[in-house]
Amino acid sequence: MNDDADRNKRKAIINVISTGKIWEGEICRYDDDGVIQWIHSVIHPELDSEFKVKSYTNIIDDITDKKSVEQLSLTDTLTGLYNRRHFDDIIEKEVRISNRNKTLLTLAIIDIDYFKSYNDKYGHPAGDRTLAKVAQAIQAPLTRPADYAFRIGGEEFAVLFTNSNYDQSVEFLESMRAKIESLNIEHKGSDVSGSLSISIGAQIIEGSLMIGSNQLYVKADQALYAAKIKRNTLVVNPETG
């Protein structure tokens, strides 16, 4: 948990127990060795005769192992990105948040160009290493708590994030496409480049115009289909008739 998130968490807890209510939740912290530890906490405030909090009792339970298992169930083993199962959950949540807060939401689906040809020429072990490199490059610029990267299929990825500006979202995705190309991973089986490249299809939508998560995915997938006709390109919000 970063410093800002930690402060906000503490403030939220204090706000609850200061009213005399019980707070229950999960807390992420570091132990004395700097290792992440997850704690389930139940804080019972004790009130004085004037109903002011005079002390509290905190019942804690170490749930680090449980959280580790949960994390494994949500991530793709090869790339370390979130998996398709978690994608389905997160997109539902983020669509609701975007609609409620009227924020701009971007869903982009990413496909590695001619990846079957890559595997055929260089072998599946090399293909796996390349998938991991691409995943790392996709994940690297997604640094905010509500930025998400997923592996949703064999060579197919998705990113989901909010932004305040349409042009900034497009610029961000274009920089991601260029970043993959700049890795200079040899791909002699590609018809568009001697290096590995990706195609990106994206749907960027205002929260006030938000559609359902399934529709959002379909529109982003249609954009990807258009991008894959040219390859090594980005298509955003195509007209689909």
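The values are calculated or read from the model by the stated rules, or taken from the named source; none is laboratory data. These numbers come from a predicted model, not from an experiment. Don't worry about glycine lacking a Cβ; one is built from the backbone with ideal geometry, like all the others, and counts go over all protein chains shown.
Does any residue of the range 81-94 turn out to be in contact with a His (Cβ under 8 Å, 6 or more places away or on another chain) and part of a loop (DSSP other than H, G, I, E, B)? No.
Yes/no matrix, rows are residues, columns are (1) of a type outside the set (D, E, K, R); (2) over 23 Å from L104 (Cβ atoms); (3) in a loop (DSSP other than H, G, I, E, B):
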| site | (1), (2), (3) |
| --- | --- |
| F172 | yes, no, no |
| A178 | yes, no, no |
| I200 | yes, no, no |
| N232 | yes, yes, yes |
| P238 | yes, no, yes |
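Among the residues of the range 162-199, the ones that are touching a Lys or Arg at 6+ places or on another chain (Cβ under 7 Å), more than 17 Å from R129 (Cβ to Cβ) and free of Cβ contacts under 8 Å to residues at least 60 places away in the same chain come to 1 in all. Taking the criterion of being at pLDDT below 90, among the aliphatic types (A, V, I, L, M) and assigned to a strand (DSSP E or B), the residues of the range 31-62 that qualify are I36, I39, L47, V53.
Filter the range 155-166 down to the residues that are surrounded by fewer than 19 Cβ atoms within 10 Å (Cβ to Cβ) and at pLDDT 95 or above and list them by number. Full working, then the answer.
Keep residues of the range 155-166 that are surrounded by fewer than 19 Cβ atoms within 10 Å (Cβ to Cβ), which gives 156, 162-166.
Hit for the range 155-166 is E156, nothing else.
On inspection, S164 does not qualify as closer than 23 Å to L78 by Cβ and of a type outside the set (D, E). Taking N232, is it in the same structural domain as L81 (by TED's automatic domain parsing), out of contact with any His (no Cβ under 8 Å at 6 or more places or on another chain) and buried (at least 16 other Cβ atoms within 10 Å of the Cβ)? In short, yes.
Scanning the range 111-154 for residues being exposed (fewer than 15 other Cβ atoms within 10 Å of the Cβ), farther than 22 Å from V192 by Cβ and hydroxyl-bearing (S, T, Y) gives a total of 1.
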